[in-house]
């Protein structure tokens, strides 16, 4: 079986509003995921809350930069061409090995 798979998720030209909806929903979903991870760590004492806190900071910075880009595009009557793919690699996990999450 092939170990690496690629999927094209976004391919098109969007208004700033449409682009914001698509991309900001993804970013907000990732932030929500990490907030749930932090809550889980606090409740169970297991996991790495620091990793999720760092990812939330990173994602909030991306969200801020994206909002600036979207606002500039809107102010200048521009569209945004977005090409977004995701690459997934199958990997085996060894017992006792930590799993990196993003």
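Values in this text are rule-based calculations from the coordinates and carry no lab data. This structure is a prediction, so every number in the text was calculated from the model and none was measured. Because the Cβ atoms are built from the backbone with ideal geometry, glycine has one as well, and the counts that use them run over all protein chains shown.
Exposure proxy for 43, 2, 60: other Cβ atoms within 10 Å of each Cβ, ordered fewest to most, give 2, 43, 60. Mind sorting out which of [x] 7.3; [y] 6.0; [z] 8.2 is the real mean projected area of the Cα convex hull in nm² computed from the coordinates? Derived directly from the coordinates: [z].
Arranged from fewest to most other beta-carbon atoms within 10 Å of their beta carbon, 36, 95, 69 become 95, 36, 69.
The share of Cα pairs per 10 Å bin across the stretch 50-90, counted from zero up to the longest distance, runs 23, 32, 33, 11, 0 percent.
If every alpha-carbon in the stretch 19-71 counts as one equal scatterer, what log10 I(q)/I(0) does Debye give at q = 0.13, 0.30, 0.31 1/Å? Treating every Cα as an identical point scatterer, log10 I(q)/I(0) equals -0.35, -1.08, -1.12.
Helix 16-44 against the longest principal axis of the chain: what's the angle in degrees, Cα atoms only, rounded to the nearest 10? It is inclined by approximately 20 degrees. Helix 49-75 axis versus longest C-alpha principal axis of the chain: approximately 10°, rounded to the nearest ten.
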